[in-house]
Amino acid sequence: MSESIKRIGVLTSGGDAPGMNAAVRAVVRTALGQDIEVVGIRRGWNGLVHSDFYQMNSSSVDHILAQGGTILYTARSKEYMTEEGRAQAVATCKLLGLDAVVAIGGDGTFRGALEMSRLGVPVVGIPATIDNDIGCSNYTIGFDTACNTAIECIDKLRDTMQSHERCSVVEVMGRHAGYLALYVGISVGATAVLIPEREVDFDRDVIERIRQSRMLGNTHFMIVVAEGAGSAVEIGKRIQEELGMDPRVTVLGHIQRGGSPTARDREMATRMGYAAVMALVNGELNCIVGTKAGDLVTTPIEEALNQQKHLQMERYAVLEAMHAKNK
Ligand code: F6P
């Protein structure tokens, strides 16, 4: 047990994700239960550079469990990327007597956390990004909510595409990863899914898929493309050029980042917030909380940042199997 943890900071950084507030709430409630004071740091690492913080108590996190976004605000901090900025951040930690910082965010957040740990401020990270692209964790907070938001939108698109017998091309987020696109594609029965993890052969992966589907009698088509695999606008243009169709293009964009977190995100965020504080209490410093086979684990931060996660391409085979070659 580490009696030395008496006051911690908590911050959210990078792209926000539904469930971040649930994680903040769990960090605050768990810490207070361990007689640890909590300082809320606003706007990510910027908050330490510019002393933008406030003392948090139990009521600070009332009624936020179901709220999307982050009450601590978030930002991508250019100043923190400089030596002077980091030195200022460390000075703020020392001035406030912070024994550690809990950083909620994605890989950029954790690179910032690693710098803090190297400057002598203990950190624990919680993976929160809708991209689900953090190597040390099977799951990242916000992914399930973003999937369900995209699925709800695409289900609505399918109604009108079916009525007008049209082709829809939908671009989803995910940055350089295809988790969102593939999970959503399977869940909406997409005609084709394009992801950065699989080299795109346009004729094979789009044109041929549409032709096969048409041969089976379908008259509307749904193409889901991860933003890291291409532009829905460009794909729509190529479909028009090659098939003479007039596709309708939808870029879902930041709607995928909002909304009330689902049960999975609320439960996972609460467990991860608890685990992050208990890691500090148990003397496990400078690590990232994550899930492996459903269990919560911690990974040393440098090791975590070097871990790669590979999208299980078995899911792509599942998607393809859903396109029966004959009725
Ligand atoms: O990393 C989360 C994410 O939503 C990505 O999927 C997306 O590419 C990026 O953030 C958008 O960043 P911003 O909110 O700064 O436009």
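Here, each number is a calculation from the coordinates, and none is a lab measurement. Every value quoted in this text rests on a predicted model; they were computed, and no experiment measured them. Methodologically, a virtual Cβ is constructed for each residue, glycine included, from the backbone with ideal geometry; neighbour enumeration extends over all protein chains shown.
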* To do: Could you run the Karplus curve 6.51 cos²θ - 1.76 cosθ + 1.60 with θ = phi - 60° over region 159-172 and give me ³J(HN,Hα) per residue in whole Hz, x for Gly and Pro?
  => 4, 6, 5, 5, 4, 9, 6, 10, 9, 10, 10, 10, 9, 10
* Near the amide H of THR74, under 5 Å away, which other amide H atoms are found, from residues 5 or more places off or on another chain, if H is placed in the peptide plane? -> ARG43
* Please express the Cα-Cα pair-distance distribution P(r) of region 1-137 as a list of whole percents, one per 5 Å bin, running from 0 to the bin with the greatest distance. => 2, 11, 22, 25, 21, 13, 5, 0
* Under 28 Å between C-alpha atoms is the cut-off here; go through the chain and count lysine pairs that meet it, provided they're at least eight residues apart or on different chains. => 8
* To do: Tally the DSSP beta bridges in the chain and give the antiparallel ones as a percent, rounded to 5.
  => 25
* **Helix-only CD estimate at 222 nm, as mean residue ellipticity for the chain, using -39500 (n - 2.57) per DSSP H run (n ≥ 4)** => -12000 deg cm²/dmol
* To do: Report the local net charge at PHE143: Lys and Arg +1, Asp and Glu -1, summed over other residues whose C-beta lies under 10 Å from its C-beta.
  => -3
* Asked: What whole-number value in cubic angstrom gives the convex hull volume per residue for the C-alpha atoms of region 112-165?
  -> 91
* Rounded to the nearest Å, what's the spacing between the alpha carbon centres of region 284-317 and region 87-122? Just the number, please. => 21
* If you average 1/r over all unlike Cα pairs in the chain and invert the result, what Kirkwood radius do you get in angstrom? -> 20.8
* To do: Mind sorting CYS153, CYS147, CYS167 by how few other Cβ atoms lie within 10 Å of their own Cβ, fewest first?
  => CYS153, CYS147, CYS167
* Assuming R0 = 56 Å, what is the FRET efficiency of SER260 and MET215, from their Cβ-Cβ distance, to the nearest 0.05? -> 0.85
* Per-residue HN-Hα couplings for region 272-277 [Karplus 6.51, -1.76, 1.60; θ = phi - 60°; Hz; x = Gly/Pro] -> 5, x, 4, 5, 5, 5
* Structure fact -> Both in Å, the radius of gyration and Dmax of the C-alpha trace of region 144-258 are 12.9, 38
* **Projected label distance in nm at GLN162 and SER4, using a 7 Å step from Cα toward the beta-carbon** => 6.2
* **Relative contact order %, region 190-230, counting alpha carbon pairs below 8 Å whose residues are six or more apart** => 63
